[in-house]
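The block underneath contains the structure these notes are about, expressed in structure tokens.
The values are calculated or read from the model by the stated rules, or taken from the named source; none is laboratory data. Everything numeric in this text was worked out from a predicted model, so none of it was measured. FYI the Cβ positions are ideal-geometry reconstructions off the backbone, even for glycines, and counts take in every protein chain you see. Only protein heavy atoms, including side chains, enter the accessible area calculation; ligands, DNA and RNA are left aside. Shrake-Rupley method; radii C 1.70, N 1.55, O 1.52, S 1.80 Å.
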Amino acid sequence: MTSTLPAASDQAETDRGPDEFDAVILGAGVAGLYQLHQLRAQGLRVRVIDQATDVGGTWFWNRYPGARFDSEAYIYQYLFDEDLYKDWSWSEKFPGQPEIERWMHYVADRLDLRRDIQFGTAITSAHFDEDRDRWTIRTDRGDTLDAQFFISCAGMLSAPLADMFPGQGDFRGQLFHTSRWPASGVDLAGKRVGVIGVGATGIQVIQTIADQVAHLTVFARTPQYVLPMKSPQYGPAEQAAYKARFEELRATLPHTFTGFEYDFEHVWADCSPERRRELLEEIYQDGSLKLWLAGFGEMFFDQAVSDEISEFVREKMRARLRDQRLIDILVPTDYGFGTHRVPLERGYLEVYHRDNVELVGVRDNPIARIVPEGIELADGTVHELDIIVMATGFDAGTGSLTRIDVRGRDGRRLAQDWGNDIRSMMGLQVYGYPNLLTTAIPLAPSAALCNMATCLQQQTEWITDAIAAVRARGASTIEPTAAGEQAWVDHHEEVVSTNLISKTSGWYLGTNVPGKPRRVLSYTGGVGTYRQKCADEAAADYPGFLIK
Ligand code: NAP
């Protein structure tokens, strides 16, 4: 439960300068909006800063063709207000970005949030002033804000890997990273388009634009296991049905392993081979992430189980592909199903049978550079293009803060600290950075294995309570102790050490960013367990933190 302090901030508003705040929040997405709402209820003076020109966070930025949910819409929701939940109706199970963005506008309007949000502004630096126990925050617009608490709601996947290849600036055509897609759209008709990347984003783009472009060239390095999505339309009857489950969902979601409504339901060891097959088929047919997040938990720990389930998915993929070359490039063989983020797709594999689509495997013949005409591979082949779409991913978990000049106590720099070792206390704070409170950073559950809306609500509620605790005792700062943070890092590592995710690569481990220290970024002990541990920490009066 979120506690609120009825009294307004001790200092009367008139005593303060125009840019003095109790809290500055970075980001007006799912977490930032709710964080603002909660802190306002505590009587705090809050300012949200966002580089975007409107609310939405990830749903503002990721407006590339085909962007959509793969959490069910009725669980990717705020659950703190029944009317807010019930007064919005989703048109399908996995809606597209425009509908999601409209929903975020609905939330912002309904809670009257915009008046405390400064859009079109990037935070460039945040320095903790030890003499005053306050943060000095500067922006690219020349603002200087002074705040007791600096709260990052920047999102796990918000720092795009957009500048990756030599020669990018020389390209004669248009080049876009998917998370910076122009709101005005891009005219793809009649164009030769190249897509780099076949992660969850690339897959959505590719399956959506294949029939809009003259020619599509896909540059694929590491293929993903994919599951077909079924997204039934929702009319009044379906909407009434999921709304009637509000109380049930509110009671369930925070406590499951992944923050989805479903949980691991079956035990591999208890089933005969026939029964396993039957269950895999049945779950596969659901057309959701269930096969990943609610099938057999042993898949993450037992290599033999992982091998069998991976082969089941590979079989399904191979059956949809017509020739061996496509199978060789598109069907994963060197890691297990579910150890990378599993994308849902609609007709993605079949796209490669189209006459206007060309698949280029770049594992053995990598992209060397961008040239004025297009993309050049290591062997000198040039693919001529009018438009390049970089679905090349993100500097996950850390990039949103390391790209800002964040300095804590004793001149510590976060980019330097995380450049050496990625650590945090429950993903909620970092040792050495008092009153920096964080959501969606490493060592908490995140987009890997978490319905983000569930996790972000829990984290912002914990932060709200922690701020209330600091204020209630007349203290000025909260910071993890070195021992508290170390204990969490040890726990995180112990939990993940037996998980096959730890043996793979990709953004889950930061290996997609050259030089980034390797660590499984997401907490893998389960959303429900994590929640309980956070609640226990608060209930025990924050033994892993120093409040002074
Ligand atoms: P990603 O999973 O990191 O994929 C990036 C892709 O770019 C990979 O295929 C990668 O290949 C490729 N790439 C990077 N550098 C390359 C190079 N030099 N040459 C060739 N290929 C290169 O990023 P993402 O697809 O944007 O997805 C990130 C996460 O966002 C997802 O895992 C998911 O959590 C979230 N997401 C969610 C949804 C949704 O439905 N809700 C949709 C999209 C994304 P390698 O793997 O070989 O490096």
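Between Pro223, Pro254, the distinction of being open to solvent by less than 20 Å² (accessible area, probe 1.4 Å), assigned to a helix (DSSP H, G or I) and not β-branched (Val, Ile, Thr) belongs to Pro254 only. Screening Arg138 with (1) charged (D, E, K, R); (2) touching a residue at least 40 places away in the same chain (Cβ under 8 Å); (3) open to solvent by 20 Å² or more (accessible area, probe 1.4 Å) gives one miss only, at (2). Residues that are within 16 Å of the ligand (Cβ to nearest atom) and of a type in the set (Asp, Glu) were ranked within region 40-73; the one that is least open to solvent (accessible area, probe 1.4 Å) is Glu72. When His37 is tested against (1) away from the ligand (no atom under 16 Å from the Cβ); (2) in contact with a Gly (Cβ under 6 Å, 6 or more places away or on another chain); (3) at pLDDT 95 or above; (4) open to solvent by 50 Å² or more (accessible area, probe 1.4 Å), exactly one condition is not met: (2).
With respect to Asp379, is the statement that it is part of a loop (DSSP other than H, G, I, E, B), within 12 Å of the ligand (Cβ to nearest atom), open to solvent by 60 Å² or more (accessible area, probe 1.4 Å) and free of Cβ contacts under 8 Å to residues at least 60 places away in the same chain true?
no
Within region 74-111, can you find the residues that are assigned to a loop (DSSP other than H, G, I, E, B) and open to solvent by 10 Å² or more (accessible area, probe 1.4 Å)? Within region 74-111, Tyr74, Tyr76, Leu79, Phe80, Asp81, Asp87, Trp88, Ser89, Ser91, Lys93, Leu111 meet the criteria. Of everything in region 339-376 that is free of Cβ contacts under 8 Å to residues at least 60 places away in the same chain and assigned to a loop (DSSP other than H, G, I, E, B), the residue that is surrounded by the most Cβ atoms within 10 Å (Cβ to Cβ) is Asn365. In the set (1) touching a residue at least 60 places away in the same chain (Cβ under 8 Å); (2) in a helix (DSSP H, G or I); (3) of a type in the set (Val, Ile, Thr), Val496 fails one condition alone, (1).
A single member of Asp307, Asp328, Asp286 is assigned to a loop (DSSP other than H, G, I, E, B), free of Cβ contacts under 8 Å to residues at least 60 places away in the same chain and of a type outside the set (Lys, Arg), and it is Asp286. Among the residues of region 309-318, those identified as under 14 Å from Ile283 (Cβ atoms) and either surrounded by 20 or more Cβ atoms within 10 Å (Cβ to Cβ) or aliphatic (A, V, I, L, M) (or both) are Ile309, Val313. Restricting Val195, Val213, Val218 to residues that are surrounded by fewer than 24 Cβ atoms within 10 Å (Cβ to Cβ), in contact (Cβ under 8 Å) with a residue 12 or more places away in the chain and more than 7 Å from the ligand (Cβ to nearest atom) narrows the list to Val213.
Residues of region 449-493 that are buried (at least 23 other Cβ atoms within 10 Å of the Cβ) and assigned to a loop (DSSP other than H, G, I, E, B): Leu449, Cys450, Asn451.
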